[in-house]
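What follows draws every value from the coordinates through simple rules; no lab data is involved. Just so it is clear, the structure is predicted and the values come from calculations on it, not from any experiment. Quick reminder, even Gly has a Cβ in these numbers, built from the backbone with ideal geometry, and neighbours come from all protein chains shown.
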Amino acid sequence: MPMWNPWHGCHKISAGCKHCYVYREDAAYGNVIPSNEVRRTTSFNLPIKKDRKRNWKFPGGTEFALCFTSDFLIEEADGWRDEIWEIIRMRPDCRFFFFTKRIDRLMECLPDDWGEGYENMAIGCTVENQDRADYRMPIFLSAPIKHRLLIAAPLIERIDLTPYLDPALIEEVSVGGESGKYARPLDYDWVLDLHRQSIQKGIPFSFHQTGSYLIKDGRCYHIPRPLQHSQAKKAGLNSLSHEIIK
Ligand code: SF4
């Protein structure tokens, strides 16, 4: 699944951003441009790149993970987003998805022909605690979106999502912990709780990564970064299709 990052950089907006991986990765790679400075990248036109024979570089059916080193709805990209919608319109044979902590900006960022949503575009609303779930979910559920994904990550407390888990509106629930040296621990009971809430409503569920610290049976385990996805998978809770990369 190719990552399409037409812009890079983001500013922190809520509690879940505290140890944002974009900032960590920038620091690790010695990037000199501050992580909160949003700039266009050389991948801006990725889905419409062609090979030497003038065929699409990415064949029909490709699913693009959009804006994983920024937020697709960030204000600084308002002047660039129309070009992205145009590129998406040029590839109706591909699928796209993005996750956002700025779902409250969606309506002002949509293209004129959006209608009830593009069939090939899924949007994920990210929530990290009860407060942000209660703020973002009503906005998310009432927005014109054809495919909704709910991402509880980095999960930093127990959340009750039951008021929002309408299987007619939410296609998938995915849960993950926080990575990095200073990560807040993820309590496995919170994961099981969201798994139960989702399955009771008949919504597919994924535990996509443990984060760096996982509390289970009263013990806190340090999970090295390379094992965080595989350890979560081993829990055997997964029943969904999207590969969450963050
Ligand atoms: S919205 Fe996402 S990318 Fe932006 S600072 Fe927060 S965690 Fe990082």
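See the values below:
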quantity	calculated
All lysines inside 29 Å of Lys216 as judged from Cα atoms, apart from same-chain residues fewer than 8 positions distant	Lys18, Lys101, Lys181, Lys201, Lys233, Lys234, Lys246
About the Cα centre, charge dipole magnitude for the chain (Lys/Arg +1, Asp/Glu -1 at Cβ), debye	1000
Mean separation of Cα contacts under 8 Å, 6 or more apart, over the residue count of the chain: relative contact order %	14
Under 16 Å from Lys57, Cα to Cα: lysines that are on another chain or at least 8 residues apart	Lys49
Protection proxy ranking of 5-11, 165-171 - average other beta-carbon atoms within 10 Å, highest first	5-11, 165-171
By average C-beta atoms within 10 angstrom, highest first, the peptides 29-42, 192-205	192-205, 29-42
Full-extension gain in nm, Arg40 to Glu83, via 0.36 nm per residue minus C-alpha separation	14.3 nm
Residue list for the stretch 221-235, given a label point 7 angstrom along the Cα-to-Cβ vector of Arg24 and an amide N cut-off under 11 Å	223-226, 228
Inter-part distance where the stretch 37-85 and the stretch 1-18 are each reduced to a Cα centre, Å	14
The stretch 124-136 - phi-based ³J(HN,Hα) in whole Hz, Karplus 6.51/-1.76/1.60, Gly and Pro as x	x, 9, 9, 10, 10, 8, 5, 4, 6, 5, 5, 7, 7
Backbone HN-Hα couplings from phi across the stretch 17-30 [Karplus 6.51/-1.76/1.60, Hz, Gly and Pro as x]	7, 3, 10, 3, 5, 5, 5, 5, 5, 4, 5, 5, 8, x
The stretch 118-235 - percent relative contact order, Cα under 8 Å, separation 6 or more	21
For the chain, with +1 on Lys and Arg beta carbons and -1 on Asp and Glu, the positive-most of Cys109, Gln197, Ala183 along the dipole	Ala183
Gain on full stretching of the segment that runs from Asp134 to Arg219 - 0.36 nm per residue minus C-alpha separation	27.6 nm
